[in-house]
Amino acid sequence: MKIQIALTAAVAATALAGSAMAAASLNDVVQKGPAASKVMEKNQINFATAKAIGDHCLNEAAAKGMGVSVVIIDQFGVISYYVRGDGQGKTNTESALWKAKTTLNTRAASKAQMNAVRSGTTSESRVIWQGNFANAGGLPIVVDGQFLGAIGVGGMAAMPGVWSDEICGYNALTAVLGPQPKLLPDLPNPYVVTNAGGAGARPPSAPNN
């Protein structure tokens, strides 16, 4: 049974990836007709697109034997699609939402906040005070230059450069919407214990401005 589920997930992920031969247009991914008229919004991401993005990430993680939580929010922060894989607890699902909201607030990958803390440009407490989350896994959803919302992914252990919440989200966006901007680099974590047995210094707080 487990093998069958994994194979099904892999096939679904491969099928979606294969469909991304060209970038999607805004007309392909937004609500139209009576639905758009009802919400009086022409650039509202449609359910089919939000679900395709979320399910691609869920299925790719499942194919690797991992559980994940994925949320898609629109440009106003309203949840369009929220899915939780098996074994995902409250923290996993909440972190996915925090990452998406961070991208909504900043219009940038949530990793930018993480890297700012790691580089000492700001402090984690300041990031939290601003309503953001200093962790990778949130990415903007942009089509034809229009910000449609964000994807937030949480729940998986990161293997920098190989696999992570962010890479899962990035692959999903690429498969469904087409080529995406290059991901930000992973700056070294100063809190990680070094081979010499010591931990890096805590980044200084940013000036109050």
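Every number in this text was worked out from the coordinates using simple rules, so none of it is lab data. A quick note: this is a predicted structure, and the numbers were derived from the prediction, not measured. So basically every Cβ, Gly included, is an ideal-geometry build from the backbone, and we count neighbours across all protein chains shown.
Points to keep in mind about this one:
- Pairs beyond 29 Å (Cα-Cα), from Lys51/Lys111; Lys32/Lys90; Lys38/Lys101; Lys51/Lys90: Lys32/Lys90
- Backbone amide hydrogens, once placed in the peptide plane, bring Ala23 within less than 5 Å of nothing, excluding anything fewer than 5 places away on its chain.
- Sequence ranges 151-162, 34-45, 62-73, ranked by mean other-Cβ count within 10 angstrom, highest first: 62-73, 151-162, 34-45
- Residues whose placed amide H lies under 5 Å from that of Gly138, excluding near-sequence neighbours: Ser110, Lys111, Val153
- For segment 2-177, a simple Cβ point-charge model (Lys and Arg +1, Asp and Glu -1, everything else neutral) yields a dipole of about 200 debye relative to the Cα centre.
- Separation of the Thr91 and Ala23 label points, Cα + 7 Å toward Cβ, nm: 3.9 nm
- Placing R0 at 35 angstrom, the Cβ-Cβ distance between Glu41 and Lys64 gives a FRET efficiency of 0.45 after rounding to 0.05.
- Sequence-distant aspartates and glutamates (8 or more away, or on other chains) whose Cα lies within less than 19 Å of Lys64: Asp55, Asp86, Asp165, Glu166
- Around the amide H of Met156, modelled in the peptide plane, lie the amide H atoms of Asp165, all under 5 Å away and 5 or more residues distant in sequence or on another chain.
- Sequence-distant contacts, meaning Cα pairs under 8 Å at least 6 residues apart, place the relative contact order of segment 2-177 at 26 percent.
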